[in-house]
Amino acid sequence: MNWAIGLVMFVGAVGLSVIGIAGMLMSNHLFRMVLALAVAEAGANLLLILAGYRWDAAAPILLPGHSTQAMVDPVPQAMVLTAIVIGVGVQALALSLVIRVRQHYATLDMRVARQRMQDALDQAAGVVPPRSQEGPAGERPLPAPTRTIEAGGPHD
Amino acid sequence: MDPMTLLTLLICAGILFGAVAAVSMGNVVSAVIAAGLTSLFAAVTYVILSAPDVAMTEASIGSGLSTAIFLYAINRTRRQEHEKDD
């Protein structure tokens, strides 16, 4: 029956990593990306603990009477113990950056924040932002691109 | 079925359910709570895998401190929203 428990555990750990990575890739909300990163971290930790597990062994704690007993590998456990703490540090750093982005660009959507950052960079460099000539009639800037090329901005 | 296998199956189902809820839930606060629930189930899994020290760390730091940090950050951004509205 032990292989069934192992299979279920492996499915849980791999599924946790896959769900976290998929959430990170598919989301545009910055908070959700950090949250999905935390979920993926939990899956990776579970996979590491499973790698060092033995079915016939006890917890790696040395008791006076049981010195000859087989024990689970304690090295992955120590690594995962460190990885959990480092993961919380990474989450705190990422959330502080998210708060900074929110203060500067007043949004939590990744695409909107990227657009506003690009606009701020263009404005600081004194460049008219490049716009498509094939856009809808209302948004088509007719004289602007020639001026951009004459100005010799960093887009050339 | 072996009761141990059944327990493991239930806990892994709880982990996967919590992860899906954390990724796909509409409200951000609910998603953070679901992620904390996922960490708590993972701590129970560590106890089954005979790693009690990792289980203690996961339950206190991964489930407690991480959720607290997330809720603090959400609170910070919400307060700025209110100040902008006023």
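Rounded, prolate or oblate: which fits the stretch A:49-96, taking a ≥ b ≥ c as square roots of the Cα gyration tensor eigenvalues, rounded meaning a/c under 1.5, else prolate when a/b beats b/c? Prolate. Rounded, prolate or oblate for the stretch B:3-85? Axes are the square roots of the Cα gyration tensor eigenvalues, ordered a ≥ b ≥ c, and the cut-off for rounded is a/c under 1.5. Here the stretch B:3-85 falls in the oblate category. For the stretch B:24-57, a drop of 40 Å² or more in accessible area on going from the chain alone to the assembled protein chains (1.4 Å probe) is found at B:VAL28, B:TYR46, B:LEU49, B:SER50, B:VAL54, B:THR57. Inter-chain neighbour count for A:77-83: the average number of beta-carbon atoms from partner chains within 10 Å of each residue's beta-carbon is 4. Take each residue in A:109-121, count the other chain C-beta atoms within 10 Å of its C-beta, and the mean is 0. Accessible area per residue for the stretch A:18-78 is 52 Å², calculated with a 1.4 Å probe on protein heavy atoms, without ligands, DNA or RNA.
Distances between placed amide hydrogens fall under 5 Å for A:ASP73 paired with A:ARG54, all partners being 5 or more residues away or on another chain. Only protein heavy atoms count here, probed at 1.4 Å, and on that basis chains A and B bury about 3800 Å² of accessible area in total.
Per residue, the accessible area of the stretch B:3-85 comes to 48 Å² when a 1.4 Å probe rolls over the protein heavy atoms. Largest accessible area first, the residues B:MET56, B:MET4 order themselves as B:MET56, B:MET4 under a 1.4 Å probe with ligands, DNA and RNA left out. Note on A:33-39: average number of Cβ atoms from other chains within 10 Å of each residue's Cβ is 6.
The values are calculated or read from the model by the stated rules, or taken from the named source; none is laboratory data. A quick note: this is a predicted structure, and the numbers were derived from the prediction, not measured. Ideal geometry is used to build each Cβ from the backbone, glycine not excepted, and the neighbour counts take in all protein chains shown. To get the accessible areas, we keep the full protein, side chains included, count just its heavy atoms, and leave off ligands, DNA and RNA. Shrake-Rupley method; radii C 1.70, N 1.55, O 1.52, S 1.80 Å.
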